[in-house]
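Structure, as structure tokens:
The values are calculated or read from the model by the stated rules, or taken from the named source; none is laboratory data. Bear in mind the structure is a predicted one, so any value in this text is a computation, not a measurement. As a convention, Cβ positions derive from the backbone with ideal geometry for all residues, glycine included, and neighbour counts pool all protein chains shown. Surface accessibility is based on the protein's heavy atoms, side chains included, excluding ligands, DNA and RNA. Shrake-Rupley method; radii C 1.70, N 1.55, O 1.52, S 1.80 Å.
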Amino acid sequence: MAKMTRPLIAGNWKMNGLAGSLSELDAIIAGSSSAPFADLLVCPPATLVAAFAARAKGTGVMIGAQDCHMAPCGPHTGDISAEMLRDAGVSFVIVGHSERRADHHESDEIVRQKALAAHRAGLTAIVCVGETKADRDAGNTLDVVGRQISGSVPDGASAANLVVAYEPVWAIGTGVTPTVRDVEQVHELINLKLSMKLSIGSQPVRILYGGSVKSNNCKDLLDILHVDGALVGGASLNAADFLAIAAAVPK
Ligand code: PEP
């Protein structure tokens, strides 16, 4: 189905990649013409952000980061601000990934503050939401995701500085994906919540699906109404796999 907005295929490399991985980025850049209907974004670990941004400059591939601190600078050992990421050449930053929500106890309010920090620095925030297996089994998926959208997405955001990624926690890295109907329902809810939260008449914000997206299951997922692309973990580490997903974006 044709999309109302240009889909985004974003790769989240998580804590993977060394200097030698620049060759994988080169392969993505070289193959990007095989995916004419999608924007391509690679989010390497912080150590590679500046080198990746320099290498991708002037190509069709954008570079993002995986997290930022909410403050612009200050005594926060080990943290990186959105301004620093901007300075390093990135244009996107993922905030509120479920691994950060779990490992670093990030609440919706912290995620919202990080998204605001991204906006302050002129970056697009990719705000992640998604239910756990226990939430889904208890029938609470829509309540949980609805609450995360209300709490994590800053008022006044727009398609120009916000992307939302729906990533069911139980689908991340497991090889298991929700049914098309399940994804459709959650994306419909997110779309509705966003249209009430963001300014009337604004462009639709892109809503990505994430969680075990692979080249062999992406077509069905990318065809779903209100699925405007994918956030890809494991399969984004290999240029051929990542490009195969991006090439499956419908015209
Ligand atoms: C992710 O963690 O953002 C993700 C989608 O991972 P995977 O594709 O490996 O499930």
task: Please list the non-local residues whose amide H lies under 5 Å from the amide H of Val232, H modeled 1.01 Å from N, same-chain partners needing a gap of 5 or more.
output: Ala10, Gly11, Asn12
message: Rounded to the nearest 20 debye, what is the charge dipole size of the chain about its Cα centre when +1 sits on each Lys and Arg Cβ and -1 on each Asp and Glu Cβ?
response: 480 debye
- request: Note down the magnitude of the dipole of the range 87-167 about its Cα centre, charges +1 on Lys and Arg C-beta and -1 on Asp and Glu C-beta and zero elsewhere, to the nearest 20 debye.
  value: 160 debye
statement: Rounded to 0.05, the calculated FRET efficiency for the beta carbons of Cys73 and Asp26 at R₀ = 35 Å is 0.60
message: Could you work out what % of the accessible surface of the chain is carbon and sulfur, using a 1.4 angstrom probe and leaving DNA, RNA and ligands out of the count?
response: 56 percent
- line: Taking a probe of 1.4 Å and leaving out DNA, RNA and ligands, the chain shows per residue an accessible area in Å² of 43 Å²
Burial ranking of peptide ranges 61-72, 105-116 (average Cβ count within 10 Å, highest at the top): 61-72, 105-116
message: Please report, in whole Å³, the volume per residue of the convex hull around the C-alpha atoms of the chain.
response: 114 Å³
